[in-house]
Amino acid sequence: MEVVHPRCAGIDVSKKDAKVCVRVAGAGRRKASSTVTTWGAVTNQVLALRDHLIEAKVTLVVMEATSDYWKPFYYLLEGGPFAVMLVNARHAKNLPGRKTDVSDAAWLADLGAHGLVRGSFVPPEPIRQLRDLTRTRTMIARVRGQEAQRLEKLLEDAGIKLSSVASDITGVSGRAMLEALIAGERDPAVLADFAKRRMRSKIPELTEALTGRFSEHHGFLARVHLDLIDQHSKALAELDARIEVMIEPFRSARDLLVSIPGISVIVADVVIAETGGDMSRFPTAGHLASWAGTCPGSNESAGRVKSTHTRPGNPYLKGALGAAAMSAARSHDTYFGAKYRRIASRRGPVKAIVAIEHAMLIAIWNMLTTGAFYQDPGGDFYARLDPERGKRRAVDQLQRMGFAVTLEPLAVAG
């Protein structure tokens, strides 16, 4: 097999140290020679490893993406006189049976020397910082939602059915009622009178829902949950302010993305942070959709298709796209809404949502490549695409319901 990199190094990373195999191709028919050394994971040791690789005249360093332990090595080694490649562990899996850290390092060096692995996408420093911020925001928002769920369970224990009337128990009205409960107020009528704006039309229902057995014990726990929710809300506000600063170089890209139905500012921030906002890294829109995990999988053997499940993609990007797709699917006058209803009627809502995510990524790639704003084809796109088919489907539906259908064209005023 052809050797692409005569001097290649493979690094098997762990929390405390790393096994490094330097592979040097032999001349003529001589076998390649390999030298394995162990280096610590602290900064000074990684810098010494960098000098060692430079001295060995290595042209490519291959390392496996092991948890977050690869980051100290990758960030300190990148930018040197050699290329650094981070590879997916699934793409560089060693043969079972005699698997050790040393053999893993030698295997990575061998794969890299023959060009048998592809590097994972590691964004530049500004995008990495933005990605840290958006991922932290996603995590804290999820934790805040969990605290609200715990608070709802506590109210259920106390017989307070506030969540059955108010969609958000931590909103303005719900918060005022909870604060009154914690302060010792137990009269349901008085508590219901704390409702604001449109919630006041539900005062009779609130009075029934706020009749329970809320005790001092429940008040203590409710105070704990509300304080935690406030802490998370404050952290989210600080993160939003910091993201606004970091997103400045990519503001034009965000303005493009928010023109897509369903994509909010928060979703646009996640898309930019996870993809880098530079579509030149993806040769086609299909490559971006495949990388994100919104394309059907390919698992075929002996002419039999075993599975078409989507592959695991970027969980943060898929989560943001899922929220955007669900929002767009609820619209009635957009292309995404029409596409969702068209697919959901035949394939189910889950596959329809994935199809909307895929369509959104196609639009994102084209918009960030051309710099053009989104132009929605409209909710009647499919009707205009094939009017005869739409007419036949409508007639068939009415006939199955037992109606005789006669179609006449509308008179067009001259």
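Residues T66, T43, arranged from fewest to most other Cβ atoms within 10 angstrom of their Cβ, appear as T43, T66.
So how do C295, C8, C21 line up by other beta-carbon neighbours within 10 Å, fewest first?
On the way: C295 19, C8 30, C21 24.
So the ranking, lowest neighbour count to highest, is C295, C21, C8.
Would you kindly state the longest site-free stretch of the chain, with sites defined as chymotrypsin sites (Phe, Trp or Tyr not before Pro) in a DSSP loop (not H, G, I, E, B) surrounded by at most 14 other Cβ atoms within 10 Å? With chymotrypsin sites (Phe, Trp or Tyr not before Pro) excluded where exposed in loops, the chain gives 122-372 as its longest stretch.
Rounded, prolate or oblate: pick one for the stretch 7-113, where a ≥ b ≥ c are the square roots of the eigenvalues of its C-alpha gyration tensor, a/c under 1.5 means rounded, and failing that, prolate if a/b is larger than b/c, else oblate.
Values: a/c = 1.65, a/b = 1.13, b/c = 1.46.
Verdict is oblate for the stretch 7-113.
As an exercise, identify the trypsin sites (Lys or Arg not before Pro) in the stretch 1-37 lying in DSSP coil whose Cβ has no more than 10 other Cβ atoms within 10 Å. Numbers along the way, then the final one.
Values: sites: R7, K15, K16, K19, R23, R29, R30, K31; in loops: K15, K16, R29, R30, K31.
When the trypsin sites (Lys or Arg not before Pro) of the stretch 1-37 are filtered for loop state and at most 10 Cβ neighbours within 10 Å, K15, K16, R29, R30, K31 remain.
Pairs spanning more than 32 Å between alpha-carbon atoms, out of K15/K57; K71/K318; K153/K196; K153/K234; K16/K93: none are present.
In plain terms, the chain from K234 to M326 could stretch by 30.4 nm, reckoned as 0.36 nm per residue minus the Cα-Cα distance.
Quick check: from the Cα gyration tensor, does the stretch 260-370 come out rounded (a/c under 1.5), prolate or oblate? Don't skip to the answer; put the middle values down first.
On the way: a/c = 1.93, a/b = 1.14, b/c = 1.69.
Oblate, since a/c reaches 1.5 and b/c is not below a/b.
Taken as Cα centroids, the stretch 203-224 and the stretch 157-177 sit 8 Å apart, rounded to the nearest whole angstrom. Note on R341 and D101: their simple-model spin labels are 6.0 nm apart, each label 7 Å out from Cα toward Cβ. List the trypsin sites (Lys or Arg not before Pro) within the stretch 323-414 that DSSP assigns to loop and that have no more than 13 neighbouring Cβ atoms inside 10 Å. For trypsin sites (Lys or Arg not before Pro) across the stretch 323-414 that sit outside H, G, I, E and B with at most 13 neighbouring Cβ atoms in 10 Å, the list reads R330. Across the chain, the relative contact order, built from alpha-carbon pairs under 8 Å that are at least six residues apart, equals 11 percent.
Taking the C-alpha atoms only, the angle from helix 265-275 to the longest principal axis of the chain is near 20 degrees. Given [x] -0.70, -0.95, -1.05; [y] -0.63, -0.87, -0.95; [z] -0.62, -0.77, -0.85 as candidate values of log10 I(q)/I(0) by the Debye sum over Cα atoms at q = 0.08, 0.10, 0.11 Å⁻¹, which corresponds to the one derived from the coordinates? Checked against the structure: label [x].
Computed from the coordinates by the stated procedures, all read-outs in this text should not be read as laboratory data. As the structure is a prediction and not an experimental result, all values here were calculated from the model. Heads up, the Cβs are rebuilt from the backbone with ideal geometry, glycines too, and the neighbour counts pull from every protein chain shown.
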